[in-house]
1. Of A:Lys165/A:Lys263; A:Lys91/A:Lys251; A:Lys104/B:Lys33; A:Lys365/B:Lys57; A:Lys91/A:Lys263; A:Lys45/B:Lys186, which pairs sit farther than 29 Å apart, going by alpha carbon to alpha carbon?
2. Check A:Ala371: other-chain or 5+ apart residues with amide H under 5 Å from its amide H, H built from backbone geometry?
3. Under the Kirkwood approximation applied to all pairs of distinct alpha-carbon atoms, what is the hydrodynamic radius of region B:21-153 in Å?
4. So, R0 is 25 Å and r is the distance between the beta-carbons of A:Leu78 and B:Lys5; what FRET efficiency does that work out to, to 0.05?
5. Who wins for biggest fluctuation among B:Val61, B:Val120, B:Val91 in a Gaussian network model of chain B, springs between alpha carbons below 10 Å?
6. Counting other beta carbons within 10 Å of each Cβ, put A:Val35, A:Val15, A:Val457 in order, fewest first.
7. If you line up the Cα atoms of region B:1-77 on their principal axes, what length do they span on each, largest first, in Å?
8. Separation between the A:Ala309 and A:Ala260 pseudo-spin-labels, each 7 Å from Cα along Cα→Cβ, expressed in nm?
Amino acid sequence: MSKTLFDKVWDSHVVRKIEGGPDVFFIDRHFIHEVTSPVAFLGLKNRGLKVLYPERTFATADHNTPTINQHLPVEDPLSANQLKALEENSKAHGISHWGLGHKKNGIVHVVGPENGITFPGATIVCGDSHTSTHGAFGAIAFGIGTSEVEMVLSTQCIMQPKPKKMRINVNGQLGKGVTPKDVALYIISQLTTSGATGYFVEYAGDVFENMTMEGRMTVCNLSIEMGARGGMIAPDETTFAYLKDKPLSLKGEAWDEAVAYWKTLKTEEGAAFDKEFNFNASDIEPMITYGTNPGMGIGITNNIPDADAVEGGVATYKKSLDYMGYSESDAMIGKKVDYVFLGSCTNGRIEDFRAFASIVKGRKKADHITAWLVPGSHEVEDKIKEEGILDIITEAGFTLRQPGCSACLAMNDDKIPAGKYAVSTSNRNFEGRQGPGSRTMLASPLVAAAAAVTGVVTDPRTLL
Amino acid sequence: MAYDKFNILTSTAVPLPLENVDTDQIIPARFLKATERKGFGDNLFRDWRYNADNSPKESFVLNNPVYGGKILVGGKNFGSGSSREHAAWAVYDYGFRCVVSSFFADIFKNNCLNVGVLPVQVSPEFSEQIFEAIYNDPKAEIEVNLPEQTITILATGAQESFEINSYKKENMLNGFDDIDYLQNMKGEIESFANDLML
Ligand code: SF4
């Protein structure tokens with residue numbers, strides 16, 4: 001039977017099949033961070049277990065780290081405690097640890113690919129749902145719970161039933177100002193936040209083939225927001241070029257051998273998917289969300305839909321609009337914005353900063369806007385400086401913060417105050433996600449930049 | 001982490017008929033800072049349950065003394081969002097042993113099964129019937145029978161079967177978790193790993 005890309009990678013990692021149960025699934029690469037790992041290590045200790053393959057696990061601190069004055073001790077005692085636990089646990093078990101202040105520190109899903117830890121055909125997990133990001137390289141990557149973190153540490157395996165398969169094809173040419181983030185938000189708005197639950201997605205078609213690795217990461221990152229376990233894109237020359245010569249990538253002959261294998265990682269003609277969707281690139285506009293889940297997104301020039309035009313419960317829909325302080329049929333253009341957040345593992349890479357800079361260049365930050373520009377890693381931060389982006393944004397009245405998850409989940413001090421509106425390039429607009437009472441509009445770096453200089457929701461195409 | 005065995009649970013239930021209840025509502029991120037698995041039940045649905053000054057919000061169902069029990073009945077797409085197992089811990093730690101919904105988000109469902117909370121997926125119609133039964137009589141009891149894989153509204157006798165794979169069922173019945181299983185096949189895992197390229 002013809003196999004899909006997903007089948008090839010999945011099937012080659014099954015250690016044992018359990019009748020009527022899950023597969024025992026081998027994990028090549030495991031990322032850990034300070035928030036979801038301490039209890040897992042505690043579990044190991046209580047059971048008297050060791051880490052089976054410490055060289056397959058990588059630790060970085062990101063979720064609750066501050067984004068200013070990182071050289072000072074972390075003030076919040078609970079956060080400091082988690083950071084210390086990560087450091088000590090890593091040390092005790094021989095796991096490489098890129099803690100706060102380390103030159104390779106950054107958001108787990110940014111530093112993994114950047115350093116060549118991620119590779120095609122790999123199985124990758126982390127106690128963070130946006131692990132799906134790594135699927136951009138043709139890996140099977142997904143988020144796991146803390147019990148599973150403990151399983152991977154102690155046995156390098158988890159137990160998972162094989163998900164169903166979905167393919168999403170987007171063909172055609174994207175319009176001006178339409179970015180990978182818009183493609184993802186568009187797909188989620190069409191499928192809803194539960195439309196891909198139980199599935200693993202393959203993205204196919206020219207739009208993804210023509211996309212940079214950064215763009216592919218943004219798309220795969222958001223797979224989880226439509227309920228999918230993860231998403232992946234077949235590896236190609238773009239993938240290999242990105243990974244070549246990364247610090248931990250294979251070298252020499254081993255690299256050539258690996259590339260030869262990676263080239264076989266494609267869905268075969270005639271392979272079956274449980275579900276398939278087709279979209280046209282030309283239907284996609286710059287997107288923005290108006291509600292409290294990522295599926296509540298529309299083209300930026302559209303009006304908020306009426307409750308009876310959307311699927312699902314009217315009460316839930318109205319509660320969501322109430323929370324946002326919006327009404328049915330409101331236009332999004334011109335909506336008030338207080339905060340702009342550029343960053344996260346969705347849009348905290350160099351390309352996102354280039355996009356942001358392309359709009360703010362020669363303009364000024366709107367006076368009332370508070371903008372948090374947070375690179376995904378020190379490497380991104382360095383590039384921002386090298387490429388002159390720092391000069392452009394500084395000139396426009398912005399400052400650059402230090403790497404971390406920041407306002408994406410607001411575990412550190414970067415919290416949007418209650419009632420305030422933020423245009424955010426991150427991935428979740430749930431109630432209180434960016435701080436208790438905060439109101440989030442998800443959008444691309446271009447839309448974020450347009451809001452930052454005009455002070456209201458603005459179509460970025462008018463500024464390009 | 002070991003948990004109590006699950007067999008037959010007969011209990012009143014708490015109704016929460018909202019859709020898309022996400023894990024940030026179940027346990028907001030700012031409460032994920034513990035390095036031990038303790039006290040998460042206190043912060044279950046924190047921002048829906050308490051005002052900013054920590055006084056209880058009377059309108060929220062967990063603060064309504066009329067409703068109680070070990071079963072939480074949620075709306076469609078329960079548990080969407082982040083992979084934080086803390087959400088399942090909070091549900092367990094608060095005292096729920098079973099969550100009923102017409103649709104669960106994947107990771108949440110998986111996490112529940114790993115920590116001893118039984119996720120029971122029912123049809124949308126049956127979910128409606130449960131809500132109706134509870135609203136008619138908050139003392140109405142629901143029986144969740146894991147060996148038989150059935151859920152019954154005792155007052156009306158309405159019953160539906162639910163699915164669970166036989167492996168997870170065994171685990172829940174015995175209070176085992178996956179680590180116990182994996183530990184017993186280490187040799188097999190190691191020889192598998194030796195054959196890998198990377
Ligand atoms: S940036 Fe946000 S989504 Fe990404 S790893 Fe950090 S908290 Fe998770």
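1. A:Lys365/B:Lys57; A:Lys91/A:Lys263, as the Cα separations exceed 29 Å there.
2. A:Val340
3. Computed over Cα pairs of region B:21-153, the Kirkwood hydrodynamic radius comes out at 15.3 Å.
4. 0.15
5. Highest fluctuation among the options: B:Val61.
6. Placing the least packed residue first, the sequence is A:Val15, A:Val457, A:Val35.
7. 39, 32, 25
8. That separation, rounded to one decimal, is 5.7 nm.
None of the figures in this text is laboratory data; all of them are computed from the coordinates on show. Fair warning: this is a prediction, and the values are worked out from it, not measured in the lab. No Cβ is skipped: glycine too gets one built from the backbone with ideal geometry, and neighbour counts run over all protein chains shown.
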